[in-house]
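This report refers to the structure that appears directly beneath it.
All of the numbers you see were taken from the coordinates with simple rules; none came from a lab. This structure is a prediction, so every number in the text was calculated from the model and none was measured. Cβ sites come from the backbone with ideal geometry, for glycine too, and all protein chains shown count toward neighbours.
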Amino acid sequence: MMEFIKTGVIGHPIAHSKSPAIHTYWIRKYGLTGSYEAIDIAPDELRVRLKGLAVAGYKGFNLTIPHKIRVLPICDEIDATAKAVGAVNTIMMENGKIYGTNTDVFGFVENIRTNAPDFDFTAGPAVVLGAGGASRAVLQGLIEQGVSEIRLLNRTRDKANKLANDFKFIEVFDWSQRSAVLEGANLLVNTTALGLTGQPALEINLSKLDKAALVNDIVYAPLHTGLLEKAKANGNAFVTGIGMLLHQARPAFERWYGILPDVDEALEKKVSG
Ligand SMILES: NC(=O)c1ccc[n+]([C@@H]2O[C@H](COP(=O)([O-])OP(=O)(O)OC[C@H]3O[C@@H](n4cnc5c(N)ncnc54)[C@H](OP(=O)(O)O)[C@@H]3O)[C@@H](O)[C@H]2O)c1
């Protein structure tokens with residue numbers, strides 16, 4: 001009989017998560033038996049609850065805000081990518097041990113590779129807005145793809161300075177320079193919360209951005225953010241943020257079920273809606 005594999009996503013809050021829709025779609029599509037639950041765990045209870053879930057036979061979890069850093073000391077082992085990013089978004093539970101990895105890096109890179117197949121990461125500098133948790137995965141992805149000049153800007157400059165210590169090839173600029181630093185850039189990525197539904201708009205002028213440059217917003221609600229509308233009006237190709245969410249889920253699913261699932265149109269439609 002086929003093994004019933006129990007997995008899920010842990011966050012606080014977690015009701016908004018699109019991950020259950022993604023993973024249950026794949027469980028059905030590939031004819032597997034398993035479950036993917038959304039579990040709300042308060043930060044202080046994470047260690048105890050994770051140990052309990054391991055004993056209860058869960059195979060693994062995705063972790064989201066606010067647990068990605070807090071889970072690091074709870075893992076028995078973390079891989080090189082999670083170490084480089086400084087955060088874990090996926091865990092595997094095997095033989096009473098917890099193994100951590102980070103699939104956000106893969107998600108970020110694969111989203112661009114799939115949706116802008118002709119884009120050459122190495123063709124010039126990348127501008128990255130934001131120095132929060134997601135920015136770390138984006139920076140690691142850019143470095144892995146061979147980008148050797150990254151212009152980093154964050155409202156709180158100290159946080160960008162800290163990332164410049166942790167990652168190679170970063171030059172920090174003042175947040176007020178965000179329109180000026182676009183000159184000569186090959187890629188612009190927004191990793192701030194600006195443009196997200198309920199958050200202020202990202203104020204930026206793209207006139208200095210080369211028409212051949214690619215624009216990526218990792219915010220995916222709304223799908224077509226104000227930044228992407230500006231990119232379109234400026235004549236730039238752009239990639240939305242939903243693919244990062246979809247693609248980061250693939251290696252996690254593979255770790256648990258042994259199948260690397262694909263992102264098909266029906267799934268994209270289901271999750272973008
Ligand atoms: N597509 C995906 O799969 C994916 C994955 C992860 C995250 N995301 C998106 O990425 C966004 C950031 O996530 P995160 O985990 O990095 O969050 P985070 O750690 O809380 O970082 C938030 C970032 O947004 C900046 N920010 C917030 N309000 C701002 C404002 N009013 N003006 C200027 N900057 C502001 C922060 O700057 P300060 O440092 O100055 O506060 C910081 O750089 C989320 O909104 C989410 O939509 C998408």
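The convex hull of the Cα atoms of the stretch 69-167, projected and averaged over all directions, covers 7.0 nm². What area, in nm² and to one decimal, does the C-alpha convex hull of the stretch 2-42 cast on average over all directions? If you wrap the Cα atoms of the stretch 2-42 in a convex hull and average its projections, you get 2.7 nm².
Ranked from largest, the principal axis spans of the Cα set of the stretch 1-138 equal 49, 36, 28 Å. Largest GNM mean-square fluctuation across LEU63, LEU153, LEU260, computed for the chain with C-alpha springs under 10 Å, falls on LEU260. Sequence-ordered 3J(HN,Hα) estimates for the stretch 82-88 from the Karplus curve with 6.51, -1.76 and 1.60 and θ = phi - 60° stand at 4, 5, 5, 6, x, 7, 10 Hz, glycine and proline given as x.
Taking the three principal axes of the alpha carbon atoms in the chain, the coordinate ranges are 59, 38, 34 Å, sorted in descending order. Do the alpha carbons of any pairs in LYS18/LYS232; LYS211/LYS232; LYS18/LYS68; LYS168/LYS230 sit beyond 21 Å of each other, and which pairs? Violating the 21 Å Cα-Cα cut-off are LYS18/LYS232; LYS168/LYS230.
Protection proxy ranking of 243-256, 21-34, by the mean of other Cβ atoms within 10 Å over each peptide's residues and highest first, is 243-256, 21-34.
Annotation: amide H-H contacts under 5 Å for GLY34 (H modelled 1.01 Å from N, sequence separation of 5 or more, or interchain): ILE5.
Remark on THR103: its backbone amide H falls under 5 Å from those of ASN89, THR90, a criterion applied only to residues 5 or more positions apart or on other chains, H modelled at 1.01 Å from N.
Working note: Karplus 6.51/-1.76/1.60 with θ = phi - 60° gives the stretch 190-203 the couplings 9, 10, 7, 7, 5, x, 5, 3, x, 9, x, 6, 7, 8 Hz, where Gly and Pro are set to x.
Restricting the chymotrypsin sites (Phe, Trp or Tyr not before Pro) of the stretch 145-218 to loop positions (DSSP other than H, G, I, E, B) with no more than 13 neighbouring Cβ atoms within 10 Å leaves nothing.
Put simply, the stretch 1-79 fits an ellipsoid with semi-axes of 22, 15, 11 Å; these come from the alpha carbon gyration tensor as the roots of five times its eigenvalues, largest first.
Only the Cβ atoms of Lys and Arg (+1) and of Asp and Glu (-1) were treated as charged; on that basis the dipole of the stretch 34-176 about its Cα centre amounts to roughly 380 debye.
Shape summary of the stretch 158-273, radius of gyration then Dmax from alpha carbon positions: 16.4, 47 Å.
Dividing the mean sequence gap of close Cα pairs (under 8 Å, 6+ apart) by how many residues the stretch 145-191 holds gives a relative contact order of 37 percent. The relative contact order of the chain comes to 16 percent, based on Cα pairs under 8 Å that sit 6 or more residues apart.
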